[in-house]
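**Q** One structure, as C-alpha cells, below. Some questions next.
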Amino acid sequence: FGTETFHYIPVTVLAAIVIAAMLPLVKIGEFARLWRVHRGDFGVMLLAFVGTMVLGLEPGILVAIAASVALIVYRVSRPRIPELGRDPATGSFLEVDRHSDVVTYPGTAILRMEASLYFTNADSLAARLQALEEDRPDLHTVVLDAGGIDRLDSTGDHMLRRLALRYREEGRRLLLANVDEDVRDVLDAAGFTDLVGREAILATDEDAIAALEGRVR
C-alpha cells in the first residue's frame, strides 16, 4: 500500500529517511555500558549490529539469537563454583579468591554451586572437585553449599551418589548445606540421603563447620 507514492521519490531521499529513523536506535552509551558490565552481552550486541548491516535485518537478527542461545548454553554448562571461607569479622562465608582475609579449614573445602545441577553441568562440578583433589592431597572433607541449586535432575543426582560412594571408599567425607526442599525430596527419593546419612545434609554452612569441629553428631 502506498508503493506508487514512494516510486517517484529518489533513492537517496529514501536512504536519508531510513538513516534518520535509525539514528535514535544507535546508542553509543549502551555499547560503552555493556562493555563495562558484561563483555559477552557486548559481543552479542555487536554481532547483531554487524549482522544486520552485512546480512540484512532478518538474517542478522537470527545470527544474534543463535549467539544468545549459545551463550546461555555455555553459561549453564559452566557455572561458577567458587571456594568459600569464613569472614572472621562477620562470620559470613565469602569467596576465597575475592577476599584474602577469610578463614579456611585444613583438609576441608567449601564450594558453592551457583546453578541448578543438571545433565548440562554435572560434569563441570565433577571436574572442579577432581581438580581440587589433585591440588590438595590432604583433602578429607568437601562441603557443597547447595544454596544456588534449586533444581536437580537424575544426572545430577547420579553424579552426587557416585561422588559420595567414591569418597566413602577413599576415606573422605561429603557434606551438603543449604539444600532446597525440592532438591532434598529428590535426594531422599533417590537414596542419596541414606547413602551419606541424614547428618551429612545440614541447614547452613555454619552447621557444616560445627560438624567438622565435632559439635554436631
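The values are calculated or read from the model by the stated rules, or taken from the named source; none is laboratory data. Please read all numbers here as calculations on a predicted model, not as lab measurements. Glycine gets a Cβ as well: all are built from the backbone with ideal geometry, and neighbour counts include every protein chain shown. The accessibility values were calculated without ligands, DNA or RNA, using every heavy atom of the protein model including side chains. Shrake-Rupley method; radii C 1.70, N 1.55, O 1.52, S 1.80 Å.
**Q** I'd like the distance between the alpha-carbon centres of segment 1-20 and segment 93-125, rounded to an integer number of Å.
**A** For segment 1-20 versus segment 93-125, the Cα centre distance is 59 Å.
**Q** Per residue, how many Å² of accessible area does segment 112-213 show with a 1.4 Å probe?
**A** Each residue of segment 112-213 exposes 48 Å² on average to a 1.4 Å probe.
**Q** Would you please name the chymotrypsin sites (Phe, Trp or Tyr not before Pro) within segment 1-90 that are DSSP coil residues with at most 10 other C-beta atoms within 10 Å of their C-beta?
**A** Sites meeting the loop and neighbour criteria: 1, 8.
**Q** From the P(r) of segment 31-179, could you give the percentage of C-alpha pairs in the tail past 25 Å?
**A** For segment 31-179, the share of Cα pairs beyond 25 Å comes to 45 percent.
**Q** Here is a further query. Round to the nearest 10 and give me the degree value, 0 to 90, for the angle of helix 154-170's Cα axis relative to the longest principal axis of the chain.
**A** The angle comes out at about 30 degrees.
**Q** Rounded, prolate or oblate, given the Cα gyration tensor of segment 66-105, with a/c below 1.5 counting as rounded?
**A** prolate
**Q** Compute the acute angle (0 to 90°) between the alpha-carbon long axis of helix 181-190 and the principal axis of greatest extent of the alpha-carbon atoms of the chain; round to the nearest 10°.
**A** 60 degrees
**Q** Right, next: Counting other Cβ atoms within 10 Å of each Cβ, which GluC sites (Glu not before Pro) in segment 112-209 have at most 14 and sit in a DSSP loop?
**A** Within segment 112-209, the qualifying GluC sites (Glu not before Pro) (loop, at most 14 other Cβ atoms within 10 Å) are 114.
**Q** Quick one: work out the % antiparallel among DSSP beta bridges in the chain, nearest 5.
**A** 30 percent
**Q** Size of segment 94-217 along its principal axes in angstrom, Cα-based, largest extent first?
**A** On the principal axes, segment 94-217 reaches 38, 32, 27 Å in Cα extent.
**Q** Starting from the Kirkwood radius over alpha-carbon pairs of segment 1-112, derive D by Stokes-Einstein at 37 °C in a medium of 0.692 mPa s and give it in µm² s⁻¹.
**A** 175 µm²/s
**Q** Identify, among 89, 100, 59, the residue whose Cα sits farthest towards the positive end of the charge dipole of segment 37-193, taking +1 on the Cβ of Lys and Arg and -1 on the Cβ of Asp and Glu, with the dipole about the Cα centre.
**A** Final value for the positive-end residue is 59.
**Q** What translational diffusion coefficient, to the nearest whole µm²/s, does segment 139-208 have by Stokes-Einstein, given a Kirkwood radius computed over alpha-carbon pairs, a temperature of 37 °C and 0.692 mPa s viscosity?
**A** This corresponds to a translational diffusion coefficient of 273 µm²/s.
**Q** Using a 1.4 Å probe on the protein chains only, how many percent of the accessible area of segment 1-144 belongs to carbon and sulfur?
**A** The nonpolar share, carbon plus sulfur, comes to 67 percent.
**Q** In addition: Rounded to the nearest 500, what is the chain's calculated 222 nm mean residue ellipticity when only DSSP H runs of at least 4 contribute -39500 (n - 2.57) each, over all residues?
**A** Mean residue ellipticity at 222 nm (helix-derived): -17000 deg cm²/dmol.
**Q** If one takes the longest principal axis of the Cα atoms in the chain, at what angle in degrees, from 0 to 90 and to the nearest 10, does the Cα axis of helix 39-54 lie?
**A** Helix 39-54 sits at roughly 30 degrees to that axis.
**Q** May I ask you to give the solvent-accessible area per residue for segment 38-96, in square angstrom, as obtained with a 1.4 angstrom probe?
**A** That works out to 61 Å² for each residue.
**Q** If you don't mind, there's one more thing I want to ask. When only DSSP loop residues count, what trypsin sites (Lys or Arg not before Pro) in segment 1-56 have their Cβ near at most 16 other Cβ atoms within 10 Å?
**A** Counting only loop positions with at most 16 other Cβ atoms within 10 Å, the trypsin sites (Lys or Arg not before Pro) in segment 1-56 are 27.
**Q** Relative contact order (percent) for the chain, with alpha-carbon contacts under 8 angstrom and 6 or more residues of separation?
**A** With pairs under 8 Å counted, the relative contact order is 12 percent.
**Q** Can you compute the modelled spin-label distance between residue 16 and residue 95, with each label point 7 Å from Cα toward Cβ, in nm?
**A** Inter-label distance under the simple model: 5.2 nm.
**Q** Checking the a/c ratio against 1.5 first, then a/b against b/c, what shape does the Cα gyration tensor give for segment 106-173?
**A** Prolate shape, in that a/c is at least 1.5 and a/b is the bigger ratio.
**Q** How many nm is it between the label spots at residue 37 and residue 180, if each spot is 7 Å from the Cα in line with the beta carbon?
**A** 2.5 nm
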